[in-house]
Amino acid sequence: MTQRRDDTIFALSSGAAPSGVAVIRLSGPGVRFGLETLISDVPKARMAALRTLRAPETGDILDRGLVLFFPGPASFTGEDVAELQVHGGRAVIASLLKTLGGLPGYRQAEAGEFTRRAFENGRADLTEIEGLADLVAAETEMQRRLAVRQAEGGLRKLYEDWRRRLIRARALIEAGLDFVDEEDVPDDVMAPAWREAAEVAAEMAAHLDDQHFGERVRDGFEVVLLGPPNAGKSSLLNALVRREAAIVTAEPGTTRDLIEVSLDLGGHAVTLVDTAGLRETESLVEREGIARARRRAGAADLVLALSDNDSWSETIPEGAVRLLVRTKLDLVDSDSKLSAGTADIALSARTGEGLDHLVRAIGTALDLARPMPAALITRARQRDGISRSLEHLRELEREAGRAIEVKAELLRSAADALGRVTGKVDVEDLLDVIFAEFCIGK
């Protein structure tokens with residue numbers, strides 16, 4: 001991303017035209033000049049002002065709208081920022097963008113450039129910025145909640161605390177090395193450093209031991225429908241996604257390959273996987289489909305084991321989180337009773353009976369009902385950085401007999417690994433990748 005820091009950038013930050021209201025955002029050293037040019041004054045900070053926007057050369061009215069000014073450094077980017085809230089017609093937006101582009105020192109913002117300036121000016125760290133990207137992309141309630149916590153600094157606070165404690169431990173060690181002969185430095189000055197490092201290592205290990213819950217919330221949980229032919233797997237898939245995503249016939253073995261559908265299931269991102277019916281068969285194609293079904297079920301977050309006769313297959317992967325689902329409830333005699341205590345849920349994909357119960361049970365089975373921690377790893381980059389830092393601390397524990405200087409270096413490496421996660425240390429090569437996720441105007 002090629003940028004000039006002394007440019008004033010601008011972009012449409014709201015949705016595509018036409019719309020009821022369009023928001024055009026400005027940031028940089030020329031914001032005050034731009035406002036004085038368009039509206040002849042600079043409104044009071046952080047207060048919306050109704051103004052007429054005019055073309056600087058002709059004085060023609062471009063539009064009339066609300067103008068807000070946020071002086072730096074207490075702004076999103078850390079620079080002077082302004083927002084023009086105008087009518088969302090294409091002609092209005094085009095004329096304003098053209099006018100701004102003609103002002104000296106102004107240019108269109110690149111993707112993610114407002115947020116990148118916020119990072120470079122110390123207004124947000126990389127974990128908060130990744131939270132913002134996830135918030136923009138969030139499609140489910142659980143994803144929104146997770147992104148909000150990260151954007152508000154949940155990870156930053158935890159990782160900065162760890163880094164601060166490791167830096168303090170290293171300082172204690174260096175004090176012991178450099179000032180061991182000084183009277184005001186106690187002989188056991190290094191002992192607290194080793195305790196602090198061990199405590200941070202334990203906290204890191206617990207943080208990493210999360211079953212990748214944050215990544216699963218962000219990327220989606222996988223739920224596999226498994227059972228014999230004609231157990232109602234494809235019918236249930238169609239009922240949950242509310243469209244004909246899978247072919248349903250009375251002929252056994254209709255589904256041969258995996259069918260995947262991503263959806264918001266009760267506020268959670270889920271990928272439903274319909275699979276081939278489990279049975280003995282001579283068909284090579286069907287046998288391959290069954291083998292794929294078993295492999296996919298073995299790696300799934302949850303298996304829905306379906307049966308229309310209270311008899312569940314023994315081929316469900318051992319140790320899998322599963323729900324036993326009795327299907328085709330509409331075909332059961334009203335006087336008949338299901339086997340007591342056998343099925344977890346009984347439902348009818350045709351009538352919809354029991355579907356709400358199933359959705360709630362899926363959420364509980366995936367452990368989504370538990371309170372969400374303030375800090376959850378959401379990306380491989382974060383997990384890798386914490387793992388690297390922990391490995392340096394583990395080496396510190398293993399190498400108890402090594403020179404103090406080596407131990408101090410291991411503490412420095414552990415703190416630097418944390419710094420790379422938040423963007424404090426040597427992350428220039430990561431920036432283009434991270435900010436490429438953002439849209440123009442953000």
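Where a number appears in this text, it was derived from the coordinates with a stated rule and is not lab data. Please read these numbers as outputs of a predicted model, since none were measured by experiment. Because the Cβ atoms are built from the backbone with ideal geometry, glycine has one as well, and the counts that use them run over all protein chains shown.
Treating r as the C-beta distance of Glu399 and Ala74 and R0 as 45 Å, the FRET efficiency rounds to 0.45.
Take every pair of alpha-carbon atoms less than 8 Å apart whose residues are at least six positions apart; their mean separation over the length of segment 1-132 yields a relative contact order of 27 percent. Phi angles of segment 292-297 translate, via the Karplus equation with coefficients 6.51, -1.76, 1.60 and θ = phi - 60°, into HN-Hα couplings of 5, 4, 5, 5, 5, 5 Hz per residue; Gly and Pro are given as x. At Asp330 and Val261, where each label point lies 7 Å from the Cα along Cα→Cβ, what is the point-to-point distance in nanometres? Output for this residue pair reads 1.5 nm. Taking 0.36 nm per residue of separation and subtracting the current Cα-Cα distance, fully stretching the chain between Arg295 and Val136 would add 53.9 nm.
Can you tell me which of 76-89, 56-69 comes out highest on packing, and rank the rest after it, using the mean Cβ neighbours within 10 Å? Don't skip to the end; give the middle numbers.
Values: 76-89: 20.9, 56-69: 15.0.
The densest-packed peptide leads the list: 76-89, 56-69.
For segment 408-415, backbone phi angles converted through the Karplus equation (6.51, -1.76, 1.60; θ = phi - 60°) give residue-by-residue couplings of 4, 5, 5, 5, 4, 5, 5, 5 Hz, Gly and Pro being listed as x. For the pair Glu318 and Arg90 in one chain, pulling the backbone fully straight at 0.36 nm per residue adds 76.2 nm over the alpha carbon distance. Distance between the modelled labels on Glu120 and Ser19, one decimal in nanometres: 2.6 nm (7 Å Cα→Cβ projection).
Pop the C-beta distance of Arg64 and Val241 into the FRET formula with R0 = 51 Å and round what comes out to the nearest 0.05. Don't skip to the end; give the middle numbers.
Numbers: r = 46 Å, r/R0 = 0.90.
Working from the Cβ atoms, E equals 0.65.
When both segment 1-77 and segment 114-179 are represented by their alpha-carbon centers, they are found 30 Å apart.
If you plug the beta carbon distance of Glu57 and Cys439 into 1/(1 + (r/R0)^6) with R0 = 51 Å, you get a FRET efficiency near 0.95.
When all alpha-carbon pairs of segment 58-116 are counted, what percent fall beyond 19 Å?
Result for the distance tail: 41 percent.
Extension gain, Arg164 to Glu152: 0.36 nm times the residue separation minus the Cα-Cα distance gives 2.4 nm.
Counting every Cα pair in segment 1-115, what percent are over 26 Å apart? Roughly 10 percent, once rounded to a whole number.
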